[in-house]
Amino acid sequence: MTKPRLSVIGTGYLGATHAVCMAELGFDVIGLDVDPVKVARLAAGEVPFFEPGLDDLLRKTLDSGRLRFTTSYDEIAEFADVHFLCVGTPQRKGEFAADMSYVDNAIEALAPRLTRPCVVAGKSTVPVGTAERLAAYLREHAPAGSDVELVWNPEFLREGYAVDDTMSPDRLVFGVTSPRGEEAMRAAFAPILDAGVPAVITDLATAQLVKVSANAFLATKISFINAMAEVCEAVHADVKKLSEALSYDTRIGGRFLHAGLGFGGGCLPKDIRAFMARAGELGVDQALSFLTEVDAINQRRRARMVDLARECVDGSFQGRQVGVLGAAFKPNSDDIRDSPALDVANRIRKAGALVTVYDPAALDNARRDYPDLAYAETALDAARDADIVLHLTEWREFRDMDPRVLDGVVREKSIVDGRNALDPDLWRAAGWRYRALGRP
Ligand SMILES: NC(=O)c1ccc[n+]([C@@H]2O[C@H](COP(=O)([O-])OP(=O)(O)OC[C@H]3O[C@@H](n4cnc5c(N)ncnc54)[C@H](O)[C@@H]3O)[C@@H](O)[C@H]2O)c1
């Protein structure tokens with residue numbers, strides 16, 4: 001396999017980015033999705049979500065002729081040597097476990113069409129054991145039988161940096177069961193490996209675990225500093241200074257050590273819950289019981305944010321105007337899945353406030369999922385007549401904001417910085433009451 005032809009199954013945040021980047025690296029790629037609208041938009045050169053740099057690269061790779069999109073499983077089965085599986089694995093409603101129906105549907109659609117040798121490379125984040133189950137299914141249902149190989153290749157990209165993370169990842173992980181599977185992965189990632197990116201070769205179970213344990217670690221680090229923020233609040237200490245001091249310790253490091261409103265999005269929350277659910281099935285639930293607390297600390301930050309904002313409007317939201325800066329779960333993304341910002345905004349609305357939200361990229365998604373919130377097209381309009389302004393997603397636009405631009409529009413010069421990302425001195429010097437989580 002010198003230069004394999006690739007398919008990417010599921011063209012969401014992960015799959016669309018992967019398809020475009022692999023085409024940019026010189027491979028012939030077909031992206032497949034069951035959503036015909038998404039496929040049509042991608043084929044027309046339009047990324048259906050916000051991801052910096054991806055639009056230009058999509059148009060460039062479409063023009064090159066190396067990238068196309070389809071809804072036809074027949075087409076990709078005929079075409080590709082390596083099929084990357086990138087469909088969603090959301091949390092099941094009312095449970096911690098992951099909903100595996102999208103993965104299962106994709107494999108069930110693909111398997112009977114695999115009449116020639118190929119490799120199926122799982123990228124979705126899955127409960128450990130899934131790869132082994134899918135491999136058995138493929139062996140049984142693919143006409144090419146043992147010529148179809150399953151490997152696991154977990155993905156670590158961050159939304160907002162997805163292109164860079166895909167083109168130059170920290171590492172690649174290939175979970176394989178044979179030299180052939182490893183060769184296929186080395187061929188499919190040759191340009192990245194040639195650039196010196198390390199590859200860790202593992203068995204299937206380890207590869208699946210790398211992803212969920214990475215997310216468990218990151219979630220734990222965030223919740224650790226947020227737990228320290230809770231303690232700081234009790235003694236009027238400053239968690240921002242605390243984390244700064246900790247960060248100089250090279251054993252600890254400063255990344256993912258920012259206290260604030262906590263994590264959200266389509267990965268960390270559901271991945272740690274699915275990991276706990278799977279550990280329970282495996283009889284090792286005690287090993288992950290600490291993740292229950294990690295999740296609880298994270299949820300408590302949202303409640304604390306609401307309480308702090310309420311304190312700042314003299315104890316009641318009834319009839320108050322609240323301006324919210326940020327809706328996406330993090331900056332540089334339009335992803336609102338389990339967004340702490342929208343969760344807080346919605347709790348405050350339910351408590352009787354009129355909440356107006358502005359976000360540089362996520363307004364359409366927010367309007368769709370939270371129709372009862374009010375929305376504004378600019379930060380200024382969101383803050384108009386506000387009794388309080390809440391900074392809930394740390395977009396550069398907000399971090400760089402001169403407080404004086406809001407002076408004339410708000411009713412009260414009062415801000416709560418849910419992300420500890422604004423400069424308190426600057427805001428206070430401009431006459432604002434500045435409050436933040438974990439700080440005096
Ligand atoms: N978004 C991230 O930053 C990120 C990072 C690493 C890993 N992951 C993992 O990658 C997976 C995908 O995440 P995402 O954020 O891209 O999700 P997403 O919801 O944006 O995309 C999933 C896509 O799969 C499509 N799909 C569903 N069923 C299908 C089927 N049977 N055949 C073909 N396409 C189908 C959907 O239409 C959708 O476009 C998840 O397991 C996630 O945990 C995501």
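When Gly94, Gly122 are checked against the criterion of being within 22 Å of the chain's Cα centre (by Cα) and away from the ligand (no atom under 15 Å from the Cβ), a single residue qualifies: Gly94. Taking the criterion of being away from the ligand (no atom under 16 Å from the Cβ), assigned to a helix (DSSP H, G or I) and under 22 Å from Ala188 (Cα atoms), would at least one residue in region 8-17 satisfy it? Scanning region 8-17 turns up no residue that is away from the ligand (no atom under 16 Å from the Cβ), assigned to a helix (DSSP H, G or I) and under 22 Å from Ala188 (Cα atoms).
Mind checking which residues of region 11-30 are open to solvent by 10 Å² or more (accessible area, probe 1.4 Å) and not hydrophobic (A, V, I, L, M, F, W, C)? Talk me through it step by step, then tell me what you get.
As a first pass, look at region 11-30 and keep what is open to solvent by 10 Å² or more (accessible area, probe 1.4 Å): 12-14, 24-26, 28.
Result: Gly12, Tyr13, Glu24, Gly26, Asp28.
Of all residues in region 287-315, those that are out of contact with any Lys or Arg (no Cβ under 7 Å at 6 or more places or on another chain) and either among the β-branched types (Val, Ile, Thr) or not in a helix (DSSP H, G or I) (or both) total 6.
For every residue, the table says whether it meets (1) more than 22 Å from Asp423 (Cα to Cα); (2) touching a Gly at 6+ places or on another chain (Cβ under 6 Å).
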residue	(1), (2)
Leu193	yes, no
Leu204	yes, yes
Ala207	yes, yes
Thr220	yes, no
Val239	no, yes
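With the condition kept exactly as written, say whether any residue in region 323-343 is open to solvent by 20 Å² or more (accessible area, probe 1.4 Å) and over 25 Å from the mean Cα position of the chain (by Cα). Looking for residues that are open to solvent by 20 Å² or more (accessible area, probe 1.4 Å) and over 25 Å from the mean Cα position of the chain (by Cα), one finds none in region 323-343, hence no. Among the residues making up region 144-163, those that are more than 11 Å from the chain's Cα centre (by Cα), outside any loop (DSSP other than H, G, I, E, B) and either near the ligand (Cβ under 9 Å from one of its atoms) or closer than 23 Å to Asp203 by Cβ (or both) are Gly145, Ser146, Asp147, Val148, Glu149, Leu150, Val151, Trp152.
Please find, within region 376-408, the residue that is farthest from Arg301 (Cα to Cα) out of those that are of a type in the set (Val, Ile, Thr) and not in a loop (DSSP other than H, G, I, E, B). Among them, the one singled out is Val405. The strands (runs of 3 or more DSSP E) found wholly in region 31-138 include none carrying at least 1 residues that are surrounded by fewer than 15 Cβ atoms within 10 Å (Cβ to Cβ). Taking first residues from region 223-250 that are under 13 Å from Arg439 (Cβ atoms) and partners that are among the hydroxyl-bearing types (Ser, Thr, Tyr), the Cβ contacts under 9 Å between residues at least 6 apart in sequence or on separate chains come to Ile225/Ser243; Met228/Ser243; Ala229/Ser243. Of the residues making up region 392-416, those that are under 16 Å from Arg310 (Cβ atoms) and of a type outside the set (A, V, I, L, M) are Glu412, Ser414.
The values are calculated or read from the model by the stated rules, or taken from the named source; none is laboratory data. Since we're looking at a predicted model, the values are computed, not measured. Counting neighbours? That spans all protein chains shown, and the Cβs are built from the backbone with ideal geometry, glycine included. Surface areas here come from the heavy atoms of the whole protein model, side chains and all, with no ligands, DNA or RNA. Shrake-Rupley method; radii C 1.70, N 1.55, O 1.52, S 1.80 Å.
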